[in-house]
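Please read the structure below before turning to the comments.
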Amino acid sequence: MLTFSGTDLQEAINNKLSFQINEKIDVEFDEFSVRDKVEGNLTFQLTGNFIIVSGSFKAPVTLLCGRCVKNYNSEISGAIDEVIEINNHPEYQLETELTMDSSHELVKIDEQIDVIDYLRQYVILNIPNKKVCSENCTNEDLNSLNSYHESKIDPRWDKLISYKDNYRGD
């Protein structure tokens, strides 16, 4: 586990710690998983009461195609840009209400920060919403259900089909 605290940053040269990461990260859900080591670099810079997190990553993933419902391999990459506020006030609470002005994480100066957890979060956030294995991907089962032939239609549906055709303007 790769961790550090704000006091480690205070003691570091130029209040800065950099990490080169090439590790297997356990991320597995129904629709995707990380299949190999994630490569990335993260820099944590202490400036006043804030820790600025920056970096980038590249992760080989297995995704579930939204059309044909088969797994396919892909690679995602992204930039990491985060702000952590150091708060050492006695009234510091574990549960705080976030407002639009304070949408960053709060930590104590001696609290341990997990580097791999930041990488894991950004891998999950960069999974594409539309997961398609190729532009030409089709689901043959769904296509056969969607296409209908006039001769195979139950005559009880005739009124509804004529309404649909009139509504479309056919």
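Remarks
- Additional length obtainable on full extension of the chain from Thr43 to Ala79, 0.36 nm per residue less Cα span: 11.8 nm
- Interchain or long-range residues, amide H under 5 Å from Gly66's placed H: Lys131, Val132, Cys133
- Taking the average, over residues, of other Cβ atoms within 10 Å as the packing measure, peptides 43-53, 14-24, 130-140 rank 43-53, 14-24, 130-140 from highest down.
- Summing charges over neighbours of Glu23, with a neighbour being any other residue whose Cβ is under 13 Å away from its Cβ, gives -1 when K and R count +1 and D and E count -1.
- Cα centroid separation - region 54-75 against region 1-48, whole Å: 21 Å
- Phi angles of region 66-82 translate, via the Karplus equation with coefficients 6.51, -1.76, 1.60 and θ = phi - 60°, into HN-Hα couplings of x, 9, 8, 6, 10, 6, 9, 8, 8, 9, 10, 9, x, 9, 10, 8, 8 Hz per residue; Gly and Pro are given as x.
- Residues whose amide H falls under 5 Å from that of Leu2, counting only those 5 or more places apart or on a different chain, are Val115, Ile116, with hydrogens built in the peptide plane.
- Label point 7 Å beyond Cα of Asp30 along Cβ direction - residues of region 60-85 with amide nitrogen under 18 Å: 62-72
Bear in mind that the values in this text are calculations on the coordinates, not laboratory data. This structure is a prediction, so every number in the text was calculated from the model and none was measured. Because the Cβ atoms are built from the backbone with ideal geometry, glycine has one as well, and the counts that use them run over all protein chains shown.
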